[in-house]
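Where a number appears in this text, it was derived from the coordinates with a stated rule and is not lab data. Predicted model only: the values in this text are computed from it and were never measured. Cβ sites come from the backbone with ideal geometry, for glycine too, and all protein chains shown count toward neighbours.
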Amino acid sequence: MNFKRLKEIRTYEGLTQQNVADMLNVKRATYAGWETGKDIMPLRQLNKVANNYQISLDYLTGLSDNEEKMKSKLNDEINVETVAKNLKQYRKENHLTQTDVADALQTTQSNIHKYETGKCLITTMYALEFAKQFSYSLDELLGRK
């Protein structure tokens, strides 16, 4: 999963990979793996980067080309219960079953159940796929809007 905008925005801001790694409290090599797409950046870390740059996750991940700055710096923490509520609410409003969502994301119904009940945070990969498959804002999913 390559987020080419990670590098674009970092260099635009005049930061090194080490600067961003320090902000995220990870090793530079770990951040470099995320920036090059070698590894998948955890959703919590992706959220911290977006908050630091005051940009939307949709823009950072390439889901949107709208680079409008967010109005204010947001809390770095993702509320798992908010994400769970948003997932379940979207599914119900669109008359989908957990199996329908699982099939669209190529995962299991039990994973969707865990995400909707807040037992665990949806992974970056599934959150992005959810946003793409259902034309839903990643920022809205995480309660950033």
Work out the length of the dipole vector of the chain about its Cα centre, built from +1 on the beta-carbon of each Lys and Arg and -1 on the beta-carbon of each Asp and Glu, and round it to the nearest 20 debye. 280
Counting other Cβ atoms within 10 Å of each Cβ, which GluC sites (Glu not before Pro) in segment 75-145 have at most 10 and sit in a DSSP loop? 77
Computed ³J(HN,Hα) along segment 39-56: with the Karplus parameters 6.51/-1.76/1.60, θ = phi - 60°, integer Hz and x for glycine or proline, the list is 10, 8, 6, x, 4, 4, 6, 4, 5, 4, 5, 4, 5, 4, 7, 6, 10, 7
How much length is gained on full extension from residue 68 to residue 7, taking 0.36 nm per residue of separation minus their Cα-Cα distance? 20.2 nm
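Out of segment 5-60, which trypsin sites (Lys or Arg not before Pro) are coil in DSSP terms and have no more than 10 other C-beta atoms within 10 Å? Display every interim value, and only then the final one.
Working: sites: 5, 7, 10, 27, 28, 38, 44, 48; in loops: 27, 38.
Of the trypsin sites (Lys or Arg not before Pro), not one in the loops of segment 5-60 has a Cβ with at most 10 other Cβ atoms within 10 Å.
What is the calculated FRET efficiency for residue 103 to residue 36, with r their C-beta to C-beta distance and R₀ = 22 Å, to the nearest 0.05?
Values: r = 31 Å, r/R0 = 1.41.
So, using R0 = 22 Å, E works out to roughly 0.10.
Quick check on the chain: take the gyration tensor over C-alpha atoms, sort the square-rooted eigenvalues as a ≥ b ≥ c, and tell me if it's rounded (a/c under 1.5), prolate or oblate. Before the final figure, lay out each step's value.
Numbers: a/c = 2.01, a/b = 1.76, b/c = 1.14.
Since a/c reaches 1.5 and a/b is larger than b/c, the shape of the chain is classed as prolate.
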As an exercise, identify the GluC sites (Glu not before Pro) in segment 1-73 lying in DSSP coil whose Cβ has no more than 15 other Cβ atoms within 10 Å. 13, 67, 68
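How would segment 4-60 be classified by its alpha-carbon gyration tensor: rounded, prolate or oblate, with rounded meaning a/c under 1.5 and the a/b versus b/c comparison settling the rest? Walk me through the intermediate numbers first.
Numbers: a/c = 1.33, a/b = 1.16, b/c = 1.15.
Verdict is rounded for segment 4-60.
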Quick check for me: using +1 on Lys/Arg Cβ and -1 on Asp/Glu Cβ, what's the dipole size of segment 4-60 about its Cα centre, in debye to the nearest 20? 140
Can you sort 41, 23 by how many other beta carbons sit within 10 Å, fewest first? 23, 41
